[in-house]
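Report on the structure given below.
Values in this text are rule-based calculations from the coordinates and carry no lab data. All of these numbers come straight from a predicted model, not from anything done at the bench. Cβ atoms come from the backbone with ideal geometry, glycine included; neighbour counts cover every protein chain shown.
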Amino acid sequence: MERHFDEALKDLNTDILRMGAFAEEAIYKSIEALKKCDNSIAKSVVNNDKKIDELELAIDEKCIDLIARYQPMAKDLRFITTGMKLNTELERIADIAVDIAQRALEVIDKPILKPLIDLPKLAAVAQMMVKTAIDSFIKGDVDMAKKVLLSDPEADRLRDLIQKELVEDYMAKDASTSPRAIQLLLIARFLERVCDHATNIAEDVIYMVQAEVVKHHPERLRQ
Amino acid sequence: MEKIEIKDLNLFYGKFQALINVNMPVREKLVTAMIGSSGCGKSTLLRCINRMNDLVEDVMVKGSVMVDGSDIYREGVDLVALRKKVGMVFQRPNPFPLSIYNNVAFGPKVHHTTGKDELDAIVEESLSSVLLWNELKDKLNTSALRLSLEQKQRLCIARLIAVKSEVLLMDEPCSALDPIATLKIEELMQQLKKDYTIIIVTHNMQQAARVSDETGFMLLGELVEFGKTENIFTRPKDKRTEDYITGRFG
């Protein structure tokens with residue numbers, strides 16, 4: 001007979017997966033809005049955020065309730081505490097998607113500053129990292145989580161590249177490009193932050209599965 | 001530093017083997033908790049540490065229990081001195097049907113302390129150690145049987161302190177107490193561990209997690225896992241420990 005506690009854990013797992021799906025969708029749509037210059041997609045990202053905020057609160061409440069009622073231990077404790085952390089990371093990713101969508105709304109109606117080359121690459125890395133981080137949680141797969149961690153330097157490299165190009169080739173040469181360049185700079189910065197949140201999720205998944213803290217200890221990843 | 005070292009300990013009740021090759025250190029001035037399901041051998045192990053099992057018929061013990069580097073199972077051990085050094089508190093508090101004062105003074109008197117001033121000082125010091133002195137200093141001649149369960153359990157601990165026990169064995173010391181009284185005894189254990197080495201057997205895993213520094217998990221007479229409490233309850237190494245503490249068996 002399945003214990004009530006196990007059913008409650010499954011229920012929590014389902015909610016975290018829903019949260020992951022919402023965050024992934026928000027990031028995907030915010031980037032699509034920018035790529036397709038589509039106002040309606042950008043607005044849908046902004047409007048969906050309330051639903052994600054409500055789910056975040058519901059998940060937090062469930063986690064606290066489970067800890068208070070069952071005093072979980074070992075892997076159950078690690079699952080619930082990781083669930084709480086993932087919940088926060090995913091909600092932050094969704095918030096950043098809103099920020100990206102709002103920047104997209106600023107640039108969509110204005111003349112194109114430059115063809116977007118590296119920004120879509122950074123967006124693809126960010127989407128891949130979020131998806132892989134969520135999958136690593138679903139499957140409890142440490143190798144997938146490590147793949148996320150190893151992708152972060154590429155995100156940093158692309159962000160630096162975008163920043164250098166926008167500042168040196170546009171803003172420094174022609175100040176009138178600054179309002180549009182700043183929006184793109186912010187979007188690059190937001191995407192890099194999404195990658196940082198995906199990294200946090202991956203570190204939490206490794207703790208959940210292996211009970212090993214790799215956060216702030218990159219040397220442990222090589223073991 | 002290790003106060004007690006249990007080495008290759010096996011215990012048989014007749015043909016039934018209740019302890020199987022147990023090896024475990026007990027470090028000085030820490031609280032060590034033993035957990036495990038009923039009949040796993042944790043109380044038997046506890047009773048080995050002051051040879052209380054000697055009182056059970058048809059019991060046979062192999063292996064050694066070193067207390068301060070000396071094997072308590074060697075020939076010629078003074079059991080009275082051993083049980084003075086390694087005292088025990090039981091599930092249900094068991095004060096003598098005497099006054100509060102005489103409950104505490106009983107042990108020192110048995111061990112030949114007779115001077116009134118000296119006994120008064122021991123009673124005050126012992127009751128103060130278990131945080132009962134202020135409550136009871138004006139009722140020392142009242143029967144100990146009139147105390148609450150929690151006060152009785154504190155009094156039993158005070159009796160051990162009075163004879164200068166160094167190790168306190170506690171076999172489910174809170175199982176007869178309500179949650180508030182339980183918390184008070186747990187607080188007391190935290191105070192006492194500054195001066196005493198405490199080993200507690202408990203069915204209450206949350207209690208083990210709250211009060212102990214190190215924890216051992218026993219199953220069917222074997223010590224499956226022993227380690228720091230924080231590790232046992234968050235990242236146990238053995239799947240059997242994980243299954244037990246997450247309630248998946250037991």
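Assorted remarks:
- Net charge of Cβ neighbours under 12 Å - reference A:LEU161; Lys, Arg +1; Asp, Glu -1: -4
- Here's the picture: charge each Lys and Arg Cβ at +1 and each Asp and Glu Cβ at -1 in segment B:170-246, and of B:LEU177, B:ILE199, B:THR241 the one pushed furthest to the positive end of that dipole is B:THR241.
- The distance from the alpha carbon centre of segment B:112-129 to that of segment B:185-213 is 26 Å, rounded to a whole number.
- Exposure proxy shown here: for B:TYR244, A:TYR170, B:TYR13, the number of other Cβ atoms within 10 Å sets the order, fewest to most, as B:TYR13, A:TYR170, B:TYR244.
- Proximal charge balance of B:LEU149 [Cβ under 12 Å; K/R count +1, D/E count -1]: +3
- Residue with peak Gaussian network fluctuation, chain B [Cα springs, cutoff 10 Å], from B:GLY39, B:GLY63, B:GLY115: B:GLY115
- The protein assembly as shown - charge dipole about Cα centre, Lys and Arg +1 at Cβ, Asp and Glu -1, debye rounded to 20: 600
- Distance from the Cα centroid of segment A:54-121 to that of segment B:38-72 is 55 Å (rounded to whole angstrom).
- Proxy reagent accessibility, fewest Cβ within 10 Å first, across B:MET52, B:MET170: B:MET52, B:MET170
- Cα lying deepest toward the dipole's positive end in chain A, options A:PHE79, A:PRO179, A:GLN127, charges on Cβ: A:PRO179
- A straight line joining the Cα centroids of segment A:8-36 and segment B:84-104 runs 62 Å.
- On a per residue basis, the convex hull of the C-alpha atoms belonging to the protein assembly as shown measures out at 199 Å³.
- Local net charge near B:ASN23, Cβ-Cβ under 11 Å (Lys/Arg +1, Asp/Glu -1): -2
- On Cα atoms only, tilt of B:100-110 relative to the major axis of chain B in degrees: 70
- Cross-link pairs A:LYS51/A:LYS146; A:LYS50/A:LYS164; B:LYS85/B:LYS109; A:LYS114/A:LYS147; A:LYS75/B:LYS194; A:LYS10/A:LYS121 - those with Cα-Cα distance over 27 Å: A:LYS51/A:LYS146; A:LYS50/A:LYS164; A:LYS114/A:LYS147; A:LYS75/B:LYS194; A:LYS10/A:LYS121
- Put in order of Cβ neighbour count within 10 Å, fewest first, the listed residues B:SER128, B:SER38 become B:SER38, B:SER128.
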